[in-house]
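Worksheet: the structure to be examined is printed underneath.
The values are calculated or read from the model by the stated rules, or taken from the named source; none is laboratory data. If you're wondering where the values come from, they're calculated on a predicted model, not measured in any experiment. Using ideal geometry, Cβ is built from the backbone for each residue, glycine included, and neighbour counts are taken over all protein chains shown.
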Amino acid sequence: MNILLVAVNAKYIHSNLAVYSLKASAGAYEPQVELAEFTINHQTDDIFRAVYQKRPALLFFSCYIWNRSVILELAENLHRVLPQTVIWAGGPEVSYDAEAFLREQEAFDGVMCAEGERSFFQVLQHYVEGCKSLEEIPGIVYRVRGACRAEEGESEQIIRTQCLPEPIQMDALPFVYDSPGDFANRIIYYESSRGCPYSCSYCLSSIDKNVRFRSTELVKRELGFLLQQSVPQVKFVDRTFNCNHKHATEIWRFIQEHDNGITNFHFEIAADILTDEELELLANMRPGLVQLEIGVQTTNRQSLHAIHRKAPFERIADRVQKISASHNIHQHLDLIAGLPYEDFESFRDSFDDVYRLKPQELQLGFLKVLRGSEMHVRAEEYGLVYRSRPTYEVLETRWISCGELLRLKEVEEMLEVYYNSQQFRYTIEALEGLFERPFAMYEALADSYKEQNAEGKSCSRMQRYTLLRNFIAQVKGADLYYFDELLTLDFYLRENAKSRPLWSEDPGACVEQKVCFYQQKARSYLASSVYDAYTWKQVMRMTHLEHFTYDVTGTGEKKELWLLFDYEHRDALTGDAAVTAVEI
């Protein structure tokens with residue numbers, strides 16, 4: 001029997017752990033199970049054609065908020081042309097109120113509501129061998145299609161719901177990456193625990209408070225295999241990785257001791273519960289080995305209480321700053337706009353509070369009112385108006401208007417381009433000093449984009465620099481010459497560009513000095529053996545030498561500075577080229 005598991009991922013680089021885990025749990029049926037992964041950027045017609053050509057007898061879709069609309073369209077059309085194909089769905093976007101989902105979506109025959117690995121195997125037993133009745137399988141909702149048509153031409157439909165099964169023991173789950181060569185250029189998602197001890201009112205993970213852990217010895221063995229394969233990134237999907245101190249420290253210590261110099265590990269953690277032992281362990285990691293995602297969400301105490309988050313921001317800030325002091329771990333901090341009791345002014349305060357911690361990335365997200373969450377239940381109480389279709393994003397609340405949320409969207413765009421990209425670090429850091437608060441700078445920058453007719457447009461990197469320079473020229477107190485030097489520094493830190501930035505000086509007068517430097521001195525500054533096999537001309541093309549002048553005393557006295565940019569060696573956190581001040 002031809003069985004097909006379909007995943008429609010958000011990006012190509014992502015892999016869908018759910019479908020891999022289902023296939024690995026199929027037991028004797030696994031040879032009959034095929035995977036098909038796509039992205040939401042694929043044309044729906046292309047996905048339809050690929051699935052139709054396989055003509056599966058059993059078809060399973062993995063459903064999330066980002067792919068629901070695509071999957072519903074696919075299922076509807078496939079059901080029309082492949083009426084004998086049995087279509088099932090699973091995932092958070094269909095598990096809540098699955099009976100209503102099946103009544104609305106005629107194409108689907110069933111929904112796996114709980115952990116799918118056990119249910120999937122039993123569903124296959126039913127369809128492949130007929131040795132298992134659907135009503136015996138816990139954790140599913142299914143449709144019984146009428147065997148014959150009534151006189152009026154309608155077939156009978158009955159929805160039957162089964163009770164949820166006992167939670168699966170984590171060590172019973174198979175290791176799904178036994179052929180990691182297929183993931184050389186993709187993120188490996190790995191799960192060492194399920195459930196979450198917290199009760200955040202906007203999150204579906206809070207429903208399952210029964211946190212279960214995969215044994216650390218098993219985790220070490222599996223991570224060791226991935227390290228041997230030199231996969232680029234392993235992203236743990238554990239909701240709060242460090243909720244168990246012993247579990248977290250054992251795994252962190254293992255990846256430190258077995259570091260291959262290539263693989264990066266991503267963890268979502270609660271910063272406030274980090275112990276001094278964990279901080280010391282993290283401080284000794286290779287730069288770039290670990291990255292941490294930390295949900296702050298808001299610094300408004302009333303909002304924190306409403307969403308059941310008890311950690312004081314002061315504690316989070318202390319832990320974040322201690323991690324930052326070692327300059328070896330990428331930190332990604334999250335904010336959520338649209339939470340209860342947070343108005344526009346309050347959110348500005350939350351933004352500035354978190355921004356001043358200087359994480360490598362600050363995500364400005366917007367509340368999503370997920371069905372099944374407490375926030376969904378209390379939507380009317382909070383005056384939450386949100387999109388009726390995925391992603392169910394908030395449009396306004398009792399405390400913040402639609403116009404104000406749209407304003408935050410503008411700020412979000414500027415934050416993504418000029419802060420999170422890490423491509424304008426020195427320029428933005430200097431520019432902040434000319435504004436009363438960080439949020440005000442991004443607001444002003446968003447207004448400048450409107451004035452330059454660039455809002456919402458796709459721009460090249462050079463255009464982003466030009467738009468920023470035009471903005472700086474209008475900022476009160478900005479020394480444009482000084483900022484031109486900073487823009488040039490940021491420009492060459494990230495890219496060995498063949499074309500010079502538009503604002504920079506003519507390099508013609510410096511050509512002879514540069515040639516002389518590369519002929520006689522460059523190798524003494526480039527100690528790495530990477531360049532040993534190359535001629536001075538090749539080294540000149542592989543690196544970049546740039547002339548700067550800067551104000552020494554603040555009185556206008558200028559000093560010359562030559563910087564050599566080495567693109568073979570980059571900062572593990574920022575991606576900046578290694579830079580050395582040189583004598584010409």
Those strands (runs of 3 or more DSSP E) completely within region 1-74 that have 1 or more residues that are among the charged types (D, E, K, R) and within 28 Å of Asp171 (Cβ to Cβ) are 33-39
Kindly indicate whether Ala430 is of a type outside the set (Asp, Glu) and touching a residue at least 12 places away in the same chain (Cβ under 8 Å). yes
Boolean, Ser346 is in a loop (DSSP other than H, G, I, E, B) and surrounded by fewer than 20 Cβ atoms within 10 Å (Cβ to Cβ): no
Could you list, in sequence order, the residues of region 91-112 that are crowded, with 18+ Cβ neighbours inside 10 Å and touching a strand residue (DSSP E or B) at 6+ places or on another chain (Cβ under 7 Å)? Gly91, Val94, Ser95, Ala98, Phe101, Leu102, Ala107, Phe108, Asp109, Gly110, Val111, Met112
Given the condition more than 20 Å from Arg425 (Cα to Cα), modelled with pLDDT of 95 or more and not assigned by TED's automatic domain parsing to the domain that holds Asp490, answer yes or no: does some residue in region 544-560 qualify? no
Hey, can you tell me all the residues within region 449-488 that are surrounded by 16 or more Cβ atoms within 10 Å (Cβ to Cβ) and either of a type in the set (Val, Ile, Thr) or over 20 Å from Leu434 (Cβ atoms) (or both)? Ala454, Thr466, Ile472, Val475, Thr488
Test: Arg239 is farther than 30 Å from Ser350 by Cα and either of a type in the set (Lys, Arg) or in a loop (DSSP other than H, G, I, E, B) (or both): no
Conditions first: (1) crowded, with 17+ Cβ neighbours inside 10 Å; (2) farther than 19 Å from Val411 by Cβ; (3) out of contact with any Cys (no Cβ under 9 Å at 6 or more places or on another chain). Arg309 passes all but one, so which condition is the exception? (3)
Counted residues, region 36-86 - those being among the hydroxyl-bearing types (Ser, Thr, Tyr) and touching a Lys or Arg at 6+ places or on another chain (Cβ under 8 Å): 3
Listed residues Lys457, Lys476; which is among the basic types (Lys, Arg) and without any contact (Cβ under 8 Å) to a residue 40 or more places away in the chain? Lys457
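So that you can scan it fast, the table gives a plain yes or no per residue for (1) assigned to a loop (DSSP other than H, G, I, E, B); (2) more than 32 Å from the chain's Cα centre (by Cα); (3) free of Cβ contacts under 8 Å to residues at least 60 places away in the same chain:
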residue: Leu502; (1), (2), (3): yes, yes, yes
residue: Met540; (1), (2), (3): no, yes, yes
residue: Leu561; (1), (2), (3): no, yes, yes
residue: Tyr567; (1), (2), (3): no, no, no
residue: Ala578; (1), (2), (3): no, no, yes
Within region 507-531, take every residue that is modelled with pLDDT of 90 or more and not in a helix (DSSP H, G or I) and give me the one that is surrounded by the most Cβ atoms within 10 Å (Cβ to Cβ). Leu526
Evaluate the following for Phe213: is it of a type in the set (Phe, Trp, Tyr) and within 16 Å of Ile168 (Cβ to Cβ)? yes
